[in-house]
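Data first, discussion second: the structure below is written as structure tokens.
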Amino acid sequence: MTPPLDRPRSVLLTGLTAALLLVLALGTGTVWLWLTDSFPSVLHDAALGVPPFLPGLRPDPRGDSTWAFTLAEDFAALLLVGTVVLRLRSLVVRRPYAGAWQRLGAGWAAVVLGGAVAGVFRGLALARMTAAGPLGWTVHPVAGALAGALWGLALGWIVGLSVALVGNRRLRGLRRLQGFSHGENHRAAGMTRQ
């Protein structure tokens with residue numbers, strides 16, 4: 001067992017799992033209908049070319065959408081997950097034992113950044129599929145980035161909270177193991193093992 005690598009790895013895997021579950025949930029019809037009922041103005045914005053919500057990962061087209069649109073949405077969802085993983089990997093490489101507040105902020109910010117990156121791609125895909133003019137090739141990606149960042153701000157707490165909580169639980173377990181495995185009291189000042 002290698003305790004120094006355990007916590008960063010668990011933070012990274014938890015962030016990946018939470019981001020995947022988020023895009024899978026957004027890809028289901030039940031969550032989609034609940035969100036559109038809760039935020040009906042999003043459908044009006046979607047008619048103007050602003051991508052609604054964060055991208056969802058789904059296996060087949062929804063309603064009358066095409067396979068090309070579904071594959072673009074799936075790729076955008078994978079871009080979001082990839083951005084979250086890269087951002088969290090950057091955190092655990094620079095600060096492997098960051099505090100809970102730092103992990104919460106990093107996870108939340110990773111979803112905001114991932115939403116913006118996915119929104120740019122969704123805007124470009126929308127401009128391509130609608131054969132937009134030069135203004136559309138600019139407006140759609142910018143609107144997608146803004147909408148993705150705002151929805152990342154609204155939903156990023158899910159990933160942030162999950163990575164903040166997993167690190168603390170794992171660290172407490174490691175402290176208990178270190179204290180009991182050597183048969184000594186390492187809690188005295190200057191006697192702790194790092």
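Largest first, what is the accessible-area ranking of V23, V139 with a 1.4 Å probe?
Details: V23 0, V139 75 Å².
Ranked list, largest accessible area first: V139, V23.
Note the full-extension length gain between S41 and T28 as 0.36 nm times their separation in residues minus their Cα-Cα distance, in nm to one decimal.
On the way: separation 13, 0.36 × 13 = 4.68 nm, distance 1.98 nm.
Between S41 and T28, full extension yields an extra 2.7 nm.
What accessible area per residue, rounded to a whole number of Å², is obtained for segment 101-157 using a probe radius of 1.4 Å? Spell out each step's value before the answer.
Values: 2770 Å² over 57 residues.
On a per-residue basis, 49 Å².
Please list the non-local residues whose amide H lies under 5 Å from the amide H of L57, H modeled 1.01 Å from N, same-chain partners needing a gap of 5 or more.
When sequence neighbours closer than 5 places are left aside, the close amide H contacts are L24, L26, G27.
List, in order, the whole-Hz ³J(HN,Hα) value for each residue of segment 158-165 obtained from phi through the Karplus relation with A = 6.51, B = -1.76, C = 1.60 and θ = phi - 60°; use x for Gly and Pro.
5, 6, x, 5, 5, 6, 5, 6
Taking R0 as 35 Å, what FRET efficiency do you get between L21 and W137 from their Cβ-Cβ distance, rounded to the nearest 0.05? Let's see the in-between values first.
Numbers: r = 33 Å, r/R0 = 0.95.
Approximately 0.60, to the nearest 0.05.
Heavy atoms only, probe 1.4 angstrom, no DNA, RNA or ligands counted: give me S41, S65 ranked by accessible area, highest first.
Working: S41 70, S65 35 Å².
Highest to lowest solvent-accessible surface, that is S41, S65.
The values are calculated or read from the model by the stated rules, or taken from the named source; none is laboratory data. On a predicted model such as this, the values are computed, not experimentally measured, just so you know. We place every Cβ from the backbone using ideal geometry, glycine too, and count neighbours over all the protein chains shown. What goes into the accessible areas is simple: the full protein's heavy atoms, side chains included, and nothing from ligands, DNA or RNA. Shrake-Rupley method; radii C 1.70, N 1.55, O 1.52, S 1.80 Å.
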